[in-house]
Amino acid sequence: MKTALITGASGGIGKELALIFAKNGHIPVIVARNIDKLDQLSAEIEEKFKISALALKFDLSQPGAAQKLFDELKERKIQIDFLVNNAGFGDFGKFSIEKMDKYTNMINLNITTLTELTTLFADDMKKRGFGKIMNVASTASFQPLPYFSVYSATKAYVLSLTEALYFEFKGSGVSFSALCPGPTNTNFSRAADMEKTPLFDEKGDGGMAAKEVAEIGYEGMMKGKMTIVTGFKNKINAYFSGKMPNRKIIPSMMAKNFEKNIGE
């Protein structure tokens, strides 16, 4: 049996991916800050699929957390065949010095830890000649987003890094995939304070189901697909959003829409 490490697995896309890996006969190693939710997920996996998942409590936004996680798995003699860097968060609102601590944690988690885990496990996988890594980006990675600036910038990094490594590791037996979901029904919108925005409010469709996003991501990862955009509408938007003059027009339109939800 092969083993999959999934970060941010306590809910949403990460949780659904853990269930999918288990359903397909892989042992999930699930990581998040909330050990109670991880234990509940482990019990669900055991009951449904008769597979013992390993739950590990880590705050991956903290410096050095990636190395500690890697070292612990080495000590336990656990070989990781699939890595899903799913842990991440965003913030909606005006760019402000008052949010510097949040921005630092966001960059640490969305960029630094993801890069460290990718580096550590990719090196191991390359030596063995097999491995698959999926980094969760976003449709926000295809263009700058006013009032969502730091998050969209971190996801642009994730997309660029993953696509570069896809080509760099070709022929090594290690594949890289960037999963780019659009709005998704998870705790993300609540954590980012976006529930009342046009993307997530009651007037909208609320986004794609996390299970559907996870299924699309898993299938694409197993096929070694480089960039996985979920949903037809999101694919169209992703295709056009990075092209001129849309790269200027779309952020301008988004800024006007978001301004209605931003206080003075």
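The values are calculated or read from the model by the stated rules, or taken from the named source; none is laboratory data. Computed from a prediction, not measured in an experiment: that's the story for all the values here. When we count neighbours, we look across all protein chains shown, and the Cβ atoms used for this are built from the backbone with ideal geometry, even at glycine.
Residues in region 105-113: is at least one surrounded by fewer than 18 Cβ atoms within 10 Å (Cβ to Cβ) and at positive phi? The answer is no; no qualifying residue exists. When ALA65 is tested against (1) more than 30 Å from LEU145 (Cβ to Cβ); (2) surrounded by 14 or more Cβ atoms within 10 Å (Cβ to Cβ), exactly one condition is not met: (1). Number of residues in region 69-96 that are more than 15 Å from the chain's Cα centre (by Cα) and at pLDDT 95 or above equals 13.
Hand me the list of strands (runs of 3 or more DSSP E) wholly inside region 1-109 holding 2 or more residues that are of a type in the set (Ser, Thr, Tyr). In region 1-109, 3-7 are the strands (runs of 3 or more DSSP E) which contain 2 or more residues that are of a type in the set (Ser, Thr, Tyr). Looking only at residues in region 208-250 that are surrounded by fewer than 19 Cβ atoms within 10 Å (Cβ to Cβ) and in contact with a Phe, Trp or Tyr (Cβ under 7 Å, 6 or more places away or on another chain), the one that is modelled with the highest pLDDT is MET226.
The single residue among ALA18, ALA66, ALA43, ALA53 that is closer than 22 Å to ALA4 by Cβ and more than 21 Å from the chain's Cα centre (by Cα) turns out to be ALA43. The number of residues in region 1-11 that are surrounded by fewer than 21 Cβ atoms within 10 Å (Cβ to Cβ) and within 19 Å of the chain's Cα centre (by Cα) comes to 2.
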